[in-house]
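To start, the structure under review is shown below, and the notes come after it.
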Amino acid sequence: MQKDHILQAIALQIEAEIDRGISIWIDPAWNEPASSFLARAASSPRSSGAQSVRGQASATRSKGRQIPAARSKGRQIPAARSEGRQIPAARQAESRPSFSPPPPATGRDRDWKSKLEKLRQETLACKKCPLHETRTNVVFNSGSGKIPLVFVSEAPGANEDAQGEAFVGRAGDLLTKIIAAIGIDRRDVYICNVLKCRPPGNRNPMPDEIAACSPYLARQLEILKPRVICTLGLFATQLLLDTKAPIGKLRGRVFRYLETPLLPTYHPAALLRNPHLKRTVWEDVQLLRKILDGGIKKAGIEIQMTESKPAARPIPQSGDLFESS
Ligand code: SF4
């Protein structure tokens, strides 16, 4: 696992603990709460920041401790009591998971990149639903898709519409951290939405828009042949699983989209609104990484549903995406 991935995992865990109301002190001698540490780490340049975070994270392992919020208010832990205090090895392992390099994609057509590009070009000219009239940019995806892991969300927001890329802005930054925390560079996965154009005012997608646009997603998934799909939030999850169940009942469980394992979790925007969900998502993405590495059987995971219906229409075969139009 690369150093910056380790740091991202530690940062995510610390943030989750803070969100749960637990005060974490990076170093009692500095009298510095973890929130301040994280802010400083985030504002540091990547190159030098990684080095300084490493040193401070090391201090956490050797000196840091957690104390209840009520007890910690305005109180400094005496250095003599905290010096040399060790976090048990089991807890260290839990907070610093180790990941090997993610597996490469297999089973794709040789020309999968050119097929995706051709499909992208088609969406750029698409006028199959009224959203083409209000979009600034078509948002086809983000990431290279080098790793066979695909994240699917609902639709572009204002930032995505402005920049033409999926998951930018605060939610995008958080997703980048979440992916990094399982030892993966966001640029290597594939992130896309059910709708490629922004619904005005971020309203929910309409049925006719979903019917018009979801074949693009189906085709993306067919070309990419992911080992695992992660749906982000209620809308994409319900659509791909053809269910009306709430996300709270679906998240963290493994389903299938056609033959591909599908793991739903919360949308990063939901985490920004409800930070206590970070721990839950952290558990979900660790499971996601297990499936990516070893598949369902190796991860010892039970499939909750044997099959899901593809969204809106059957997956079109190569070249016939718009035969009916
Ligand atoms: S949302 Fe999809 S179907 Fe509608 S115009 Fe955009 S690309 Fe075409």
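Each value in this text was obtained by applying a stated rule to the coordinates, not by laboratory testing. What you see is a predicted model; the values in this text were computed from it and never measured. No Cβ is skipped: glycine too gets one built from the backbone with ideal geometry, and neighbour counts run over all protein chains shown.
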**Asked** If all Cα-Cα distances of region 171-277 are sorted into 10 Å bins from 0 onward, what percent lands in each bin, rounded to whole numbers?
**Response** 13, 44, 39, 4
**Message:** Through the Karplus equation 6.51 cos²θ - 1.76 cosθ + 1.60, θ set to phi - 60°, convert the phi angles of region 152-164 into ³J(HN,Hα) values in whole Hz; use x for Gly and Pro.
**Reply:** 10, 10, 7, 6, x, x, 4, 5, 5, 4, 5, 9, x
**Item:** Inter-label distance for ARG170 and SER114, nm, one decimal - labels placed 7 Å from Cα along Cα-to-Cβ
**Value:** 4.4
**Item:** Computed E for GLN286/LYS244 - FRET, C-beta separation, R0 22 angstrom, nearest 0.05
**Value:** 0.20
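At a 10 angstrom cut-off on C-beta neighbours, averaged per residue, how do the peptides 172-178, 238-244 rank from highest to lowest?
172-178, 238-244
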**Request:** Determine which residues of region 152-194 fall in the zone a paramagnetic label at GLU122 would reach in this model, i.e. backbone nitrogen under 19 Å from the point 7 Å along Cα→Cβ.
**Result:** 191-194
**Request:** Pairs of Cα atoms under 8 Å, at least six residues apart: use those to get the relative contact order of region 112-299, whole percent.
**Result:** 23
**Item:** Rg/Rh ratio calculated on Cα atoms of region 141-191 (Kirkwood radius)
**Value:** 0.95
**Prompt:** Say each of ASN204 and SER144 gets a label point 7 Å from the Cα, pointing the same way as Cα to Cβ; how far apart are those two points in nm?
**Reply:** 3.9
